[in-house]
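Provided herewith is a single structure, encoded as structure tokens, for subsequent inquiry.
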Amino acid sequence: MNMGRRIAICAAVLFSLLAPFSANAAFPAYAGWVTDSAGAMDSGSVAEINRLSAELDQKTSAELAVVTVKSLEGDSVENYANRLFKEWGIGKKDKNNGVLILAAISDRKVRIEVGYGLEPVLTDGFCGSVRDDEMVPLFKRGAYGEGLSRGAWALASRVAESAGVKLSGAPPKRHLKSADLKTILLLVVFVFIIGRVIFAGFFGWG
């Protein structure tokens, strides 16, 4: 086999080995408990999650990180979250007690990645309900900071409860959009009118 053919074969093998890694999306620069590389969160939510995560770490040693990215760049949210979790070493090494909330804004994907040490507490079922009930409805409104903050609170509270400690503060309340307020007002008016019709007919009110 001539030298040129050998080089071509070696290059092909090397490319095939490196291809899976080149397809993986790059990670954002680490910024602490909250890394909002997509710029999707409000400053109040960032500050609250930073405070919450620091307190959780202090009282339970568990580590909670929240990350937003604009896009997964073709990667799956499961693979990206798993790689990021390991790359950043979220959680204490001897306890594997980390939890990551990853939101890919353009891809409309969210993932809660849990370390082995917290899996008995943060079960798949619980994390799924936190994602679907606390975060996704707010994400659909564009309230990413609020959704991530509520999700972080739900996870942190569960971990704290299992450790027998209590966290200070309270989860943020959901804010109703103007469209929601109009719907509620129309419903109240509708119920009032129906009530008037029914009671007027029953009691003969004029």
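Please enumerate the residues belonging to region 154-175 that are more than 17 Å from the chain's Cα centre (by Cα) and among the polar types (S, T, N, Q).
The answer is Ser162, Ser168.
Considering region 105-148 alone, what residues qualify as being part of a loop (DSSP other than H, G, I, E, B) and of a type in the set (Asp, Glu)?
Hits for region 105-148 are Asp107, Glu119.
Name the single residue, out of those in region 106-121 being over 16 Å from Thr68 (Cα atoms) and of a type in the set (A, V, I, L, M, F, W, C), that is nearest to the chain's Cα centre (by Cα). Please lay out each step first, then the result.
Narrowing region 106-121 to residues over 16 Å from Thr68 (Cα atoms): 114-121.
Now narrow it down to the ones that are of a type in the set (A, V, I, L, M, F, W, C): 114, 118, 121.
Details: Val114: 12, Leu118: 16, Val121: 17 Å.
Residue satisfying both the conditions and the ranking: Val114.
Right, here's the next one. Does Leu138 fit the bill of being free of Cβ contacts under 8 Å to residues at least 60 places away in the same chain and closer than 21 Å to Asn79 by Cα? Break it down stepwise before answering.
Values: free of Cβ contacts under 8 Å to residues at least 60 places away in the same chain: yes; closer than 21 Å to Asn79 by Cα: no.
The answer is no for Leu138.
If a residue must be among the hydrophobic types (A, V, I, L, M, F, W, C) and free of Cβ contacts under 8 Å to residues at least 40 places away in the same chain, how many such residues does region 93-103 contain? Walk me through how you get there before you give the answer.
Initially, region 93-103 is screened for residues among the hydrophobic types (A, V, I, L, M, F, W, C), giving 99-103.
Of the ones still in play, those that are also free of Cβ contacts under 8 Å to residues at least 40 places away in the same chain are 100, 102.
The total comes to 2.
Here's the yes/no breakdown for (1) modelled with pLDDT of 95 or more; (2) over 22 Å from Phe139 (Cα atoms); (3) touching a helix residue (DSSP H, G or I) at 6+ places or on another chain (Cβ under 8 Å):
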| residue | (1), (2), (3) |
| --- | --- |
| Ala12 | no, yes, no |
| Ser16 | no, yes, no |
| Pro28 | yes, no, no |
| Leu64 | yes, no, yes |
| Val67 | yes, no, yes |
| Ser71 | yes, no, no |
| Glu78 | yes, no, no |
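Can I ask one more? Considering only residues that are of a type outside the set (Lys, Arg) and either surrounded by fewer than 18 Cβ atoms within 10 Å (Cβ to Cβ) or under 9 Å from the mean Cα position of the chain (by Cα) (or both), look in region 122-131 and name the one that is farthest from Lys86 (Cα to Cα).
Here the residue is Ser129.
Just checking, does region 147-164 include any residue being among the hydrophobic types (A, V, I, L, M, F, W, C), touching a Pro at 6+ places or on another chain (Cβ under 6 Å), open to solvent by less than 30 Å² (accessible area, probe 1.4 Å) and at negative phi?
Yes, region 147-164 contains at least one residue that is among the hydrophobic types (A, V, I, L, M, F, W, C), touching a Pro at 6+ places or on another chain (Cβ under 6 Å), open to solvent by less than 30 Å² (accessible area, probe 1.4 Å) and at negative phi.
The values are calculated or read from the model by the stated rules, or taken from the named source; none is laboratory data. It should be emphasised that the depicted structure is a prediction, and the values quoted were computed from it without experimental measurement. Here the Cβ is made from the backbone with ideal geometry for all residues, glycine too, and neighbour counts use every protein chain on show. With ligands, DNA and RNA removed, areas are computed over all heavy atoms of the protein, side chains included. Shrake-Rupley method; radii C 1.70, N 1.55, O 1.52, S 1.80 Å.
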